[in-house]
1. With the requirement that a residue be part of a helix (DSSP H, G or I) and either basic (Lys, Arg) or more than 20 Å from Lys231 (Cα to Cα) (or both), what does the stretch 263-308 give you?
2. Could you grab the pairs with beta carbons closer than 7 Å, sequence gap of 6+ or different chains, first residue in the stretch 248-262 and free of Cβ contacts under 8 Å to residues at least 12 places away in the same chain and outside any loop (DSSP other than H, G, I, E, B), second one open to solvent by 30 Å² or more (accessible area, probe 1.4 Å) and of a type in the set (Lys, Arg)?
3. It is to be established whether one or more residues within the stretch 299-317 are farther than 22 Å from Asn273 by Cβ and either of a type in the set (D, E, K, R) or in contact with a Lys or Arg (Cβ under 8 Å, 6 or more places away or on another chain) (or both).
4. Within the group Thr203, Thr207, Thr211, Thr194, which residue is touching a Cys at 6+ places or on another chain (Cβ under 9 Å), polar (S, T, N, Q) and closer than 20 Å to His255 by Cα?
5. Identify all residues within the stretch 78-96 that are of a type outside the set (A, V, I, L, M, F, W, C) and open to solvent by 10 Å² or more (accessible area, probe 1.4 Å); write none if there are none.
6. Looking only at the stretch 134-148, count every residue that is on the phi < 0 side of the Ramachandran plot and part of a loop (DSSP other than H, G, I, E, B) and tell me the total.
7. Can you pull out every residue in the stretch 268-318 that is open to solvent by less than 40 Å² (accessible area, probe 1.4 Å), without any contact (Cβ under 8 Å) to a residue 12 or more places away in the chain and farther than 18 Å from Ala257 by Cβ?
8. State whether the residues of the stretch 161-171 include one that is without any contact (Cβ under 8 Å) to a residue 12 or more places away in the chain and either acidic (Asp, Glu) or touching a Leu at 6+ places or on another chain (Cβ under 6 Å) (or both).
Amino acid sequence: MGSERSENPQVSVLVPVYNVEPYVERCLRSVLAQGVESLEVIVINDGSTDGSREVVGRVAEDDARVRIIDKPNSGYGASLNRGLDEARGTYVGILESDDEMVSGALAQLLSRAEALQADVVKGDYILWWPTDEARTHQAGEVVPELCEGLVDTREDMRVYSIRSTIWSGLYRREHLEAHGIRFLETPGASYQDTSFNFKVFATSARTAFTTSPVIRYRQDNASSSIHSKGKADAVGIEFDEIDRWLDERPDCVGHDALVRQALIERFNAYLWNLDRLDDEVGLAFLTDAGAQFARFEESGRLDLSTWDSWRVANLRALQADPKRYLRLRRRFRGDSAAAKARFALALGGPAGLLSAVGEHFSRRSR
C-alpha cells in the first residue's frame, strides 16, 4: 500500500476513464509520482467495457490516494462534473487518461498558485508521439510575457488564443463553485472543455502562467480524432453556451471585449477542426459555419471592423465559395511559414499575403 489518503488534500486530480486500457496505468502512475503527498486522484470510470476498470483497481490497491467512481456511460462532461462534485482539494486539476503528466509539473503548478494566491494557474504542454519521438515537441502556447505575474484574464484578450487545454492547469475549487463553472453534459459530444475554459478565464482576475510543460499530450491515439459532422458541430454548441452565458451577464468585467473575442475564438476553432475532417464532412461543416457567421453579422453581434483583414478575408472566401476554400486549405495544409504563405497567396493574391503577414506580426507583438 502506498501513500495514505488525505481528507483535505491540496490538489484533486480528476481522471475521466472510458476504454483506455492500454494507457491508463502509465497515466495514473505519472500523477502519483509527482511528489505531492497531499493529493487525491479521482478516477471517474464512465462505464468502460474493456479492461480499464481492472487496471485502475490495481493502481488503487497500491496507492490509497486513488479514489474510483464507477458510473454508467454518460459522457465526458457528466464524468467531470461528477468529479467536481466529489473533489475535496483546494485546487482541482484534470488529466486525460491517455496522456501523462511531466515529472514535477504538479508541484510546480501548486507552488506557483500558492505563491501568487492565484485562482487559476496554467502551463504549457508537449505534443507527444510515443511511437515517433522525433516528432515530439513543446507546443509553445504560453508566451513568457504572460508569466511575469498575475494576469486579469477578464480583460487581457491574449489568453483566449491559447487552446482550451484544461488539463494543463490548476483551478481553485472555491472559484469554480462561486461562479458555478461546470461542464456541458452533451451526450456523445466533444469539445466540452471549450466553454469551461472560457468561463474560467472570463471570471478570473488572478490567473498565473508558466512556460513549463505540464502534460505529455498524446497524438497517436486514433480514437481521439473526430470524423463525424455531429462531433464537429459540438464545438458550435460549446460557443453557443459561451454566448448564452455572456448574454446573461451584461455587466460582467470586460463584457463587450469578451463577446467579440468569443466570436474570434469560434472562428479559429472552426478552422482548426476543419483540418481534422474528411472532405465531405468538412464541406458541410464549412458551409454551415459560413451561414452561421452571416447570421451573426446580420444580427449586429459581429462587427467585422474589429477583425484584422486576414481573418475577414478568410471568412468572406469561405462564405463565397466553400468548395474552393476547402480545396486550397487542403492543398496548402501545414504549420510551416512557407505553407501558410502559399495558402495566403493562393487565397487572396499579394494582398492576401500581406494581410496574413501583418496579422502574424500583430499577434506576436500583443
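The values are calculated or read from the model by the stated rules, or taken from the named source; none is laboratory data. Since the model is a prediction, treat every value here as computed from it, not as a measurement. So basically every Cβ, Gly included, is an ideal-geometry build from the backbone, and we count neighbours across all protein chains shown. The area values use the complete protein model at the heavy-atom level, side chains included, leaving out ligands, DNA and RNA. Shrake-Rupley method; radii C 1.70, N 1.55, O 1.52, S 1.80 Å.
1. Ile264, Arg266, Ala294, Arg295, Phe296, Glu297, Glu298, Ser299, Leu304, Ser305, Thr306
2. Within 7 Å, the pairs are His255/Arg249.
3. Yes, some residue in the stretch 299-317 is farther than 22 Å from Asn273 by Cβ and either of a type in the set (D, E, K, R) or in contact with a Lys or Arg (Cβ under 8 Å, 6 or more places away or on another chain) (or both).
4. None of the others qualify; the one that does is Thr203.
5. Arg82, Asp85, Glu86, Arg88, Thr90, Glu96
6. Residues in the stretch 134-148 being on the phi < 0 side of the Ramachandran plot and part of a loop (DSSP other than H, G, I, E, B): 6 in total.
7. Result: Val312, single match.
8. No, because not a single residue in the stretch 161-171 is without any contact (Cβ under 8 Å) to a residue 12 or more places away in the chain and either acidic (Asp, Glu) or touching a Leu at 6+ places or on another chain (Cβ under 6 Å) (or both).
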